[in-house]
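Below is one structure, written out as structure tokens, with a few remarks after it.
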Amino acid sequence: MGIGEALEDAARFGGGEDGGVTRMAWDRTLFEVYEWLRARASECGFVSRIDAAGNLVVVWAAGEEPAVALGSHLDTVPSGGRFDGALGVLAGFEALRGLRDAGFEPSRPIWLLAFMDEEGARFGTSMFGSKAFVGEDVTHLTGRVDQAGVTLAEAMERAGFDPAEVVGATAIGQVGQYLELHIEQGPVLERNGEQVGVVSDICGLVGLRIRLSGEANHAGTTPMEMRRDALAGAARFIVALRGEMAARETCVGTVGMIEAEPGAFNVVPGAAEISVDIRAIRAEDLDGIERWVEEAVTAIAHEEGLDVAIERIHRLEPTAMAPELVDLLSRSATAEGATHRVMASGAGHDAMIIGRHVPAGMIFVPSAKGLSHNPGEWSDPGDCDLGMKVLRRAVAELAG
Ligand code: GLV
Ligand code: MN
Ligand code: MN
């Protein structure tokens, strides 16, 4: 099975009528795709396990040194694409299988990892699995609640996991380097007609939840100047954020979720809650934008007669990839005849968590029209295969 077919096959798990894939963290469909991959791994003679944080770990045992780890994630955003995350896991598997079929004998273990909940789309707990893998304390997150009112702890228990045991997933001490193949999720490679991106840095991310509170009132009888309309305040902030981010280089900001209360045609919204996703390559830009958000939303709230509460859901610092792996992956791309560029990532990846502990490197392949987190996400199977070969060559050099 080639990488294109493997991606098609995996998309059956959680596949929707719109062509997208929904495999949320801890859901049955995610464990089904794990089992599908474990069966394929077992046919190839690799052993696998699911660790205490819900990460899938496939092991090619060899030697005593720390492992070369490859990986990405198999969870998705709601109605996400079939490439985001899945490509890195399935191409990693393809690389292992190809090396084994070619008679390659590794001098050290090679691990293939699919991290739990990279997306964080269900509980706001992005990188849960990779954080647990490196030994970060994630137990304080288990009280988070999804849109259906289920806590993370409950979701874990329903899937057969014990939230108190998550620390057992810590295994970074057994890993020497980490490599991740991913789709670019942006337009740069396609626009420049290049086949491979070698990642130099991964942007930092801040996630905020902002709640504006005013007063619910009658939509027919409340004069416009007497309203304390929380949704109107949120709307003003969203437009202000767009303008501010457009004026800053290498920074982006997004409001992706909005809720109005009580939520009726004929009621002036008494409360509104929005999510704010901020990204920047430099930590000082993240600091500056967080300050700007606080000032801007406070000023708007004051003018609209609203109260405001800001909660930080997450902050992940920007992470540089290891220079020696940038070099190795660039050489591997050249050896595979791939045109490539060294570039920054505007998306978050598990490599930013792993890369704080051991050298990490990432390869991108082009995304058609720069589209991602969308059912129409698409990367050419030939490009995916080339990315896999670059990965395979780099693994062979590290584990040879
Ligand atoms: C992960 O997909 C992210 O939000 O960057
Ligand atoms: Mn991803
Ligand atoms: Mn994603």
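The values are calculated or read from the model by the stated rules, or taken from the named source; none is laboratory data. Fair warning: this is a prediction, and the values are worked out from it, not measured in the lab. Cβ: placed from backbone, ideal geometry, glycine included. Neighbour counts: every protein chain shown. Heads up: the accessible areas ignore ligands, DNA and RNA and are worked out on the full protein's heavy atoms, side chains in. Shrake-Rupley method; radii C 1.70, N 1.55, O 1.52, S 1.80 Å.
Quick notes on this structure:
- Among the residues of segment 56-77, just one is surrounded by fewer than 24 Cβ atoms within 10 Å (Cβ to Cβ) and within 16 Å of ligand 3 (Cβ to nearest atom), namely 77.
- Residue list for segment 277-317, filter: among the small types (Gly, Ala, Ser) and in contact (Cβ under 8 Å) with a residue 12 or more places away in the chain: 280, 283, 296, 301, 305, 309
- Filtered by the rule that a residue be farther than 15 Å from residue 55 by Cβ and touching a Ser or Thr at 6+ places or on another chain (Cβ under 8 Å), segment 164-180 gives a lone residue, 164.
- Taken as a whole, the structure leaves residue 123 outside the set of residues that are touching a Gly at 6+ places or on another chain (Cβ under 9 Å) and under 21 Å from residue 165 (Cβ atoms).
- Among (1) crowded, with 24+ Cβ neighbours inside 10 Å; (2) without any contact (Cβ under 8 Å) to a residue 40 or more places away in the chain; (3) among the basic types (Lys, Arg) - the single one residue 144 does not satisfy: (1)
- For segment 199-214, the candidate set comprises residues that are in contact with a Ser or Thr (Cβ under 9 Å, 6 or more places away or on another chain) and charged (D, E, K, R); within that set, the residue that is surrounded by the most Cβ atoms within 10 Å (Cβ to Cβ) is 201.
- Scanning segment 213-227 for residues that are of a type in the set (A, V, I, L, M) and assigned to a loop (DSSP other than H, G, I, E, B) yields 216, 219.
- Applying a threshold of 8 Å to beta carbon distances and a minimum spacing of six or more residues, or different chains, the list of pairs starting in segment 344-361 at a residue that is more than 16 Å from ligand 1 (Cβ to nearest atom) and ending at one that is acidic (Asp, Glu) reads 359/324; 361/180.
- Meets criteria (closer than 27 Å to residue 205 by Cα and of a type outside the set (Ser, Thr, Tyr)) for residue 391: yes
- Residue 319 vs. criteria at pLDDT below 95 and touching a Gly at 6+ places or on another chain (Cβ under 9 Å): no
To keep it simple, each residue is scored yes or no on (1) over 22 Å from residue 176 (Cα atoms); (2) at pLDDT 95 or above; (3) acidic (Asp, Glu); (4) more than 16 Å from ligand 1 (Cβ to nearest atom).
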| residue | (1), (2), (3), (4) |
| --- | --- |
| 59 | no, yes, no, yes |
| 67 | no, yes, no, yes |
| 74 | yes, yes, no, no |
| 77 | yes, yes, no, no |
| 94 | no, yes, yes, yes |
| 111 | no, yes, no, yes |
| 118 | no, yes, yes, no |
| 124 | yes, no, no, no |
| 145 | yes, yes, no, yes |
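- Verdict on residue 13 being in a loop (DSSP other than H, G, I, E, B), closer than 15 Å to residue 392 by Cβ and open to solvent by 20 Å² or more (accessible area, probe 1.4 Å): no
- Residue 63 meets all of the listed conditions (1) under 26 Å from residue 366 (Cβ atoms); (2) part of a loop (DSSP other than H, G, I, E, B); (3) of a type in the set (Gly, Ala, Ser); (4) in contact with a Ser or Thr (Cβ under 6 Å, 6 or more places away or on another chain) but one, namely (1).
- Here segment 79-95 is the region considered, the condition is being away from ligand 3 (no atom under 11 Å from the Cβ) and not in a helix (DSSP H, G or I), and the residue that is least open to solvent (accessible area, probe 1.4 Å) is 79.
- Pick from segment 323-341, criterion farther than 26 Å from residue 172 by Cβ and surrounded by fewer than 15 Cβ atoms within 10 Å (Cβ to Cβ), ranking: nearest to ligand 3 (Cβ to nearest atom): 339
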